[in-house]
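Here the structure comes first, spelled out in structure tokens, and everything after it is commentary.
The values are calculated or read from the model by the stated rules, or taken from the named source; none is laboratory data. All figures in this text were calculated on a predicted structure; none of them were measured in a lab. FYI the Cβ positions are ideal-geometry reconstructions off the backbone, even for glycines, and counts take in every protein chain you see. For accessibility, only protein heavy atoms count, side chains too; no ligands or nucleic acids. Shrake-Rupley method; radii C 1.70, N 1.55, O 1.52, S 1.80 Å.
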Amino acid sequence: MTALIQTIDTPDGPFTILADEQQRVLASGWTDDVEAILDRLSAAARPEELREAETDAAAAAQAYYAGDVTAIDRVAVAQTGTAMQLAGWAALRGIEPGAPLTYTGFAARLGNPQAVRAAASICARNAPALFVPCHRVLRTDGSLGGFAWGLGVKQSLLARESVAR
């Protein structure tokens, strides 16, 4: 499979998008290091070839940073994982901007409020960051918890979304 790769500048630093030829985002994150993006994918899901090209997702990311925080909702993603992971990633897309959930609340949304570790694992394994907004999940005490791209980026995204709401 050939995949498209594009890096754009954002207020939170370079943002790289890896998409398939149907423009579905496979992985993305705040880096210009292509290997760091590829590392978000399982070996089986990695593309055989990369081609630098403009992606539809880049326009949505730019619209997001320009104030349309719902622009990312219209971007198609392609993820591979277990049935629970796929359900979790779909549920993440349902968290409204400016209304983050706790890991416990996210686990409850998945039908098992006791599965907090599983909920955190779903967030940690989310490859198309921003487009599947795992940054909208917080610790029970309201603190940020973790984020693959750094807590500064997570804080910035949450602040941007709370203002736009």
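Values as computed for the structure displayed
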{"item": "Any chance ILE122 is over 17 Å from ARG24 (Cβ atoms), open to solvent by less than 20 Å² (accessible area, probe 1.4 Å) and in a loop (DSSP other than H, G, I, E, B)", "result": "no"}
{"item": "Residue, farthest from the chain's Cα centre (by Cα), within region 8-46, restricted to residues that are of a type in the set (Ser, Thr, Tyr) and within 19 Å of LEU86 (Cα to Cα)", "result": "SER42"}
{"item": "Tally, over region 18-30, of residues that are open to solvent by 10 Å² or more (accessible area, probe 1.4 Å) and either within 12 Å of ILE5 (Cα to Cα) or free of Cβ contacts under 8 Å to residues at least 40 places away in the same chain (or both)", "result": "4"}
{"item": "Residue among PHE147, PHE131 that alone is open to solvent by less than 30 Å² (accessible area, probe 1.4 Å), within 25 Å of ALA45 (Cα to Cα) and not in a helix (DSSP H, G or I)", "result": "PHE131"}
{"item": "Residue match in region 47-55 (condition: among the hydrophobic types (A, V, I, L, M, F, W, C), under 20 Å from GLN22 (Cα atoms) and under 15 Å from the mean Cα position of the chain (by Cα))", "result": "no"}
{"item": "Residues located in region 46-74, provided they are open to solvent by less than 30 Å² (accessible area, probe 1.4 Å), in contact (Cβ under 8 Å) with a residue 40 or more places away in the chain and of a type in the set (Gly, Ala, Ser)", "result": "ALA53, ALA57, ALA58, ALA60, ALA61"}
